[in-house]
């Protein structure tokens, strides 16, 4: 958790603008705090990473010119080395910490490598740098005249110092190539300066094995050229402080702010708080360490080396050089000691030999430890690879439990031989209402669905999608289309309750006139002419009566008035063109007579200009279907926020709650009936068999027949027989048979009663099932008024839509007749989020889509297509694989509603076939009115049974 002044900093959530940009503009540039993962629109200064929008920003002092350890958040850690490194690292100029080709310690949380600590790794192997002060001096001398991109420096310009930022570093120009005769050409152009990306900069100085003199001779810092940018005005360092003269200089310095200039290192300097020997000493002391032995190299500390990927294994060449250097230093000290103390004694020689043997043993032990560490690392790597291999094999052998992720399901040869379809039937783009115009199709579907779903609060009867499409293509003024008039009138009534700004369209056009000028023309009409014509049309639209009994007369003018108060050029981009077409007509010579209907896909007639003033009533029918859809789409988006729609949605929520309770109660009752039926069947199973057996035995003569026992009972006994001999046994048998017959009759009556009760319970169960079906249909209608959901998604995340039976439209008419709204199954391409999921898959999803969907069947993001005949729908359902989680859910949902989907598709197909034959039967040479055939079209015979006649 980041802290600031020992207080926890709450992480900020992304702003709504960033969340919206993630959907509309994924490539937008943002700022991210690497330590916390927070994302912001802007970034005030380099450190601390607390933008102005951050909650903890208000508790901090104003941002300093250079970052300081006291103002920056710290990372909670128990590692004291990391903390001390962080405190020292903040004070060192950032470009010196991040510019290098090899990893090394830098700022905590940063992934950028540092050049300073890595240059000190194993340093001292070729020359003895025993003291930390000597190492600081060596490093400081190398970097004091060398600068890096994005570094803040002071630049001396005509005696004044300015704060600037290094934009680009140009290394020294290479010498010109020699000519064929060995003499350089004086007329050849110099090699252009390269940026940091093409030629390395200051790489020779970063190697401490190269002396300062050699680094200067091989890579002279004074030959570098730096392009700097003046950041802001600063008080001159070292200039005079004499009142008026200092003020005058500061006024003249403002002209350099933001300018770029090329300078040399001699005119540049750093702030002492950013780079000095004391700060560098503290930084190096916290980063590196060395043994106390002679000629030991400087080594980056283990915690820092592991954190930033610095190699901790000493190269063999360096190790040998260190050993040779140690040996040379030992011999040198031995020689000095011998010169000072005289020749060594036997005891001293033995001690020296012992020390030499000890040193050799230590070296051998160190080499053995290194070898063992390498072997241990190799063994660990092999064990890891082996475990990963075993885990992969175990994962392969693990049986798959279906249903699973659809893209993990692969159709095998066994399924193919069994007849499973591999390729999905391609949905038709051309069969969409407006062909391949995806934006118009989507707006058309949304407008139709809104008008049908909210037919009750809008007071408009239902109509199917074909009727709606034909009404939008109606181009005749006489006879008028009642469906179009009712749709616009009911929307206008609804929009009267939505807040609006008076004359917002005219005001936006006047603002556009300021930008483009009053003479700017669209369709031959200037902005001045358009605003003048629109000023007097439909001003009383919110109070004008549009009565149903009067054919909604005047709805076209109210349409223009509603557009004037609700629309502007920002929320309705085509406002200017549509108002021009509604208020102006083309020149009479260019006007084309209106045809009864315009075929789908036929482009409208092209006019040179609209110069004749007209009225909306005369001009609305000349609009293209796309322009009519744009108006309806805009009105529907506004109407969704009206009070009537909100009240209807709340009512639907309450009804849905009640339906859920009813469904639970009906299911409970159905379960009780089924249990009672099972009890009756268990009780009467055995008695039924026994009763049938005994009744059959009596009827077929098994046992003593009734006729014989009757005859015997009437015949008197013979002379030789006594009354106590044969008569009593016969009477007993007759009584037993009579009792058995009575029991059989009782059991048969009980069985008949049980069967009657079973039939009654079965009828009750059927009633419960019919009630559950009605609840499901009502549930779909009410849920469609709140949110429209697709039937499901296939394996490639294509969404499957069926819009019938939602809102005010029912699936069944009077008498149980089939009704349809669309009579089609629509397919929509995957969303951008779903496409991103497909891209993250390891396997090649594009090749699989090409194989299983086909080139014609692959839909782009949000693209629409349709299945409009029952055969292709059956093929699509057969293509779905129930082993996938998405497709098994989709298949079950389609099976649930199939008894309504299939009849709707069949009826629409038959209706289209019947309407195609009607024009042939209606042809007559005696037709008196050109629109007599149009009147008989289904969309022209539609009537609004929910209309309210009041104004």
Item to complete: Please give the FRET efficiency for residue 841 paired with residue 31, using the beta carbon to beta carbon distance and R0 = 22 Å, rounded to the nearest 0.05.
Response: 0.10
Fill in: Relative packing of 509-519, 937-947, which averages over residues the other C-beta atoms within 10 Å, highest first
937-947, 509-519
Item to complete: Return 623, 812, 530, 10 ranked ascending by Cβ neighbour count within 10 Å, so the fewest neighbours appear first.
Response: 10, 812, 623, 530
Worksheet item: Quick one: Cα centre-to-centre distance for segment 752-803 and segment 559-575, in angstrom?
Response: 44
Worksheet item: Between segment 348-408 and segment 470-507, what is the C-alpha centre distance in whole Å?
Response: 79
Worksheet entry | Cβ crowding within 10 Å averaged over residues, with 411-421, 866-876 ranked highest first | 866-876, 411-421
Item to complete: Return the FRET efficiency for the residue pair residue 158, residue 225: r is the Cβ-Cβ distance, R0 is 22 Å, and the value is rounded to the nearest 0.05.
Response: 0.70
Item to complete: Would you mind computing, in nm to one decimal, how far apart the modelled labels at residue 893 and residue 360 are, each placed 7 Å from Cα along Cα→Cβ?
Response: 8.4
Item to complete: Can you pull the one-decimal nm distance between simple spin-label points at residue 738 and residue 913, each 7 Å off the Cα toward Cβ?
Response: 7.3
Item to complete: Starting from the Cα of residue 766, step 7 Å along the direction of its Cβ; do the same at residue 405; then give the gap between the two resulting points in nm.
Response: 4.9
Worksheet, complete the sentence: For segment 477-641, averaging the sequence separation of alpha carbon pairs under 8 Å that lie six or more residues apart and dividing by its residue count, the contact order in percent is 29
Discussion item. I need to check one value: relative contact order of segment 413-507, counting alpha carbon pairs closer than 8 Å and at least 6 residues apart, in percent.
Written reply: 16
Worksheet item: Fewest to most neighbouring Cβ within 10 Å: what's the order for 532, 508?
Response: 532, 508
Discussion item. If a paramagnetic tag sat 7 Å from the Cα of residue 810 along the Cα-Cβ line, which residues of segment 631-656 would have the backbone N under 20 Å from that point?
Written reply: 652-653, 655-656
Discussion item. Multiplying the sequence separation of residue 137 and residue 335 by 0.36 nm and subtracting their Cα-Cα distance, what value in nm do you get?
Written reply: 68.3 nm
Practice prompt. Determine the gain in length on full extension of the stretch residue 264-residue 935; use 0.36 nm per residue of separation and subtract their C-alpha separation, reporting nm with one decimal.
Written response: 232.7 nm
Discussion item. How much length would be gained if the chain were fully extended between residue 413 and residue 587, taking 0.36 nm per residue of separation minus their Cα-Cα distance, in nm to one decimal?
Written reply: 55.8 nm
Practice prompt. Arrange 481, 652, 287 by Cβ neighbour counts within 10 Å, fewest through most, would you?
Written response: 652, 481, 287
Response to the item:
Taking R0 as 56 Å and r as the Cβ-Cβ distance between residue 207 and residue 855, the FRET efficiency 1/(1 + (r/R0)^6), rounded to the nearest 0.05, comes to 0.45
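Only the coordinates and a few stated rules stand behind these numbers; no lab work does. Keep in mind it's a predicted model, so treat the numbers as computed, not measured. Heads up, the Cβs are rebuilt from the backbone with ideal geometry, glycines too, and the neighbour counts pull from every protein chain shown.
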